[in-house]
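The values are calculated or read from the model by the stated rules, or taken from the named source; none is laboratory data. Small disclaimer: the values here were computed from a predicted structure and weren't measured. Every residue, glycine as well, gets a Cβ built from its backbone with ideal geometry; the counts of neighbours run over all protein chains shown.
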Amino acid sequence: MFDPINAIAQWLAALLASLGLSSGLVNLILTLVGVLAIASFVLIVDIFLVWVERKVVARFQDRLGPNRLGPFGLIQPLADIIKLLIKEDITPLGADKVVYNLAPILALATVLMLWAVIPFAPTMLGADLNVGVLYIVAVGAIGTLGIIMAGWASNNKYALLGAMRTVALTIAYEVPMVVALLVPVILGRSMSIHQIVNSQTIWYIVAAPLAAAIFLISAIAELGRAPFDLAEAESEIVAGFHIEYTGMKFGLFYAGELLHALTMGALFASFFMGGWRGPFAEQAPILGVFYLFLKAMFIYWVIMWVKYSLPRVRIDHMLNFNWKLLTPLALAVVMFTALTDKALIELGVAAGSLTYSLAMLALNLLIGWITLSLLRSYARIERQRVAAPRPVASPEYSGVAKS
Amino acid sequence: MTPLQMIFILVAAMTLGAGLMVVTARNLVHSALWLVLALFGVAIVYVLLQAGFLAVVQVVIYIGAIAILMIFAIMLTRNIASESGPRFNENWSWALVIALVLFGTLAWMLSGWDGIAAQAPAISPRFDTVRELGLALVSPEGFVLAFEVASVLLLAALIGALVVAWDRR
């Protein structure tokens with residue numbers, strides 16, 4: 001009754017079996033139908049993300065946003081799609097045709113592949129991989145490859161520069177992201193995302209707020225959104241790696257980017273905010289889907305909030321921030337979380353209990369406070385260095401006075 | 001033929017074909033992209049062998065790090081990304097001989113091994129392969145020595161990179 005997806009699957013399995021197909025073939029067909037269903041569902045959600053994005057940015061900029069087509073401008077994304085479809089399809093001179101056409105497909109497909117391991121509800125999930133967390137990292141790596149291919153195959157200097165910037169950024173920020181993801185793995189005692197969601201009787205954002213913050217920051221960097229949007233700097237390198245793409249090929253990149261943001265929201269929700277967990281979700285799995293998307297949309301909104309509020313960070317600051325703050329902090333958090341976990345288990349505190357979560361929270365607050373005081377003393381030194389008088393044209397700097 | 005065998009034959013053919021294209025493609029970036037496909041094929045073979053962890057790590061390390069680094073290096077180097085000179089140098093006959101000898105030796109050794117035709121025992125769903133691998137890596141009866149030696153080597157490489165890149169002022 002409250003589990004329509006499994007009911008449909010069972011009905012379909014019975015129907016196919018009554019047609020005289022072998023059980024292996026029935027499973028294969030059901031798997032293919034499931035893949036098709038999840039991919040289509042996610043892509044349909046993607047269409048309306050265009051509308052959500054435009055409406056929200058309008059609110060942040062004190063405008064109304066699309067409001068002409070349909071109620072609240074809801075038909076606007078369909079008009080956008082028609083516009084993209086009937087645009088001229090240009091392949092630049094000297095472009096590498098196969099690689100050029102493969103890149104946008106790869107960019108969207110890798111985002112869709114992430115949805116395979118996200119549990120929608122206690123009974124609804126694509127695949128329960130026992131290496132789910134690593135799978136996400138691996139798929140992200142293939143996504144980076146798509147961007148390099150787009151930048152290189154376009155035969156355009158700006159596209160190549162944009163691709164190189166993106167790759168430098170995503171590869172660098174992958175490190176703290178992977179390390180931060182180890183914290184929910186330690187807390188949940190498994191790399192399977194299904195298992196991690198199952199063991200979150202208390203959301204992990206309580207027990208691991210620092211890891212959650214590091215994951216969110218590196219996810220925004222991975223998305224290439226502001227303040228980390230140097231791949232698409234209009235004033236320097238025009239549109240970045242997708243400068244030469246027109247029509248629906250550009251549309252695929254655009255859809256991939258929007259969907260990636262929502263996917264990161266869903267991943268954050270699954271790792272730190274209990275995924276499908278909510279009141280009555282275990283009795284009625286369909287509610288779990290609703291809760292998951294509610295949480296994912298909230299994180300998506302936070303990502304947009306950051307994007308439309310902060311200016312761009314300079315590339316050297318961005319890499320310094322990653323290597324000198326986020327990565328060491330993530331490593332420290334993982335080490336101390338593992339040690340505290342061991343100590344708490346030895347003391348007889350059950351993993352996932354309230355005492356356990358509060359002790360972890362205290363540990364996180366301590367690490368956060370130490371980090372902030374270290375940053376404060378560093379900032380003081382830096383301010384003194386900058387404030388020190390540095391004559392631009394004094395003899396010992398210019399070298400003129402030397403005989 | 002079971003569906004698994006069909007998938008294996010398709011994947012193996014794809015991997016071998018991609019491997020052949022790596023050494024015969026005229027364009028270096030194309031070679032690198034074919035290499036990515038070949039490495040991905042190897043990852044699928046790992047999945048077919050129920051070694052999910054190995055498959056994912058293969059993709060993360062070989063495609064996510066090494067292949068991207070190679071493409072990066074090729075793109076940063078002037079004039080070698082486009083069509084370039086002969087694809088074979090005078091050593092190709094030696095390379096062919098060594099490849100054939102290596103393949104022959106491996107085939108001969110594997111044909112003498114009695115496990116080659118045996119059916120792999122089914123892994124029960126309760127058996128967590130990742131947990132077993134993790135325990136084996138840190139247990140004294142397992143591979144803790146090899147694991148630690150590899151860790152020290154990687155740490156040395158990391159410090160080496162730091163020393164090389166250190167800006168002495």
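Filter segment A:148-174 for residues that are aliphatic (A, V, I, L, M), at the interface with chain B (Cβ under 10 Å from one of its Cβ atoms) and within 14 Å of A:Phe253 (Cβ to Cβ) and give the result. A:Ile148, A:Met149, A:Ala153, A:Ala163, listed by residue number. Exactly one residue among A:Asp128, A:Asp89 is under 17 Å from A:Gly247 (Cα atoms) and surrounded by fewer than 18 Cβ atoms within 10 Å (Cβ to Cβ), and that residue is A:Asp89.
Note on segment B:21-79: residues that are polar (S, T, N, Q) and either within 10 Å of chain A (Cβ to nearest Cβ) or in contact with a strand residue (DSSP E or B) (Cβ under 8 Å, 6 or more places away or on another chain) (or both) total 2. Counted as qualifying within segment A:188-235 are the helices (runs of 4 or more DSSP H) with 2 or more residues that are touching a helix residue (DSSP H, G or I) at 6+ places or on another chain (Cβ under 7 Å) and under 16 Å from A:Asn322 (Cβ atoms), namely A:209-223. Residues that are crowded, with 17+ Cβ neighbours inside 10 Å and in contact with a Gly (Cβ under 8 Å, 6 or more places away or on another chain): does segment A:303-323 have at least one? Yes, segment A:303-323 contains at least one residue that is crowded, with 17+ Cβ neighbours inside 10 Å and in contact with a Gly (Cβ under 8 Å, 6 or more places away or on another chain).
Restricted to segment A:347-401, and to residues there that are among the polar types (S, T, N, Q) and in a loop (DSSP other than H, G, I, E, B), the residue that is modelled with the lowest pLDDT is A:Ser394.
Determine if segment B:102-114 includes at least one residue that is out of contact with any helix residue (DSSP H, G or I) (no Cβ under 8 Å at 6 or more places or on another chain) and outside any helix (DSSP H, G or I). The answer is yes, given that some residue of segment B:102-114 is out of contact with any helix residue (DSSP H, G or I) (no Cβ under 8 Å at 6 or more places or on another chain) and outside any helix (DSSP H, G or I). Considering segment A:105-114, the residues that are over 19 Å from A:Ala296 (Cα atoms) and within 18 Å of the chain's Cα centre (by Cα) include one that is nearest to the other protein chains (Cβ to nearest Cβ), namely A:Leu106.
In the condition set (1) part of a helix (DSSP H, G or I); (2) more than 14 Å from chain A (Cβ to nearest Cβ); (3) aliphatic (A, V, I, L, M), B:Ala120 is compliant with all but (1). The listed residues are A:Phe41, A:Phe72, and the only one of them that is modelled with pLDDT of 85 or more and in contact with a Phe, Trp or Tyr (Cβ under 9 Å, 6 or more places away or on another chain) turns out to be A:Phe41.
Only one of the numbered conditions (1) assigned to a helix (DSSP H, G or I); (2) closer than 24 Å to A:Ala180 by Cβ is violated by A:Asp128, and that is (1). All told, A:Ile243 meets the bar of being at pLDDT below 85 and not small (Gly, Ala, Ser).
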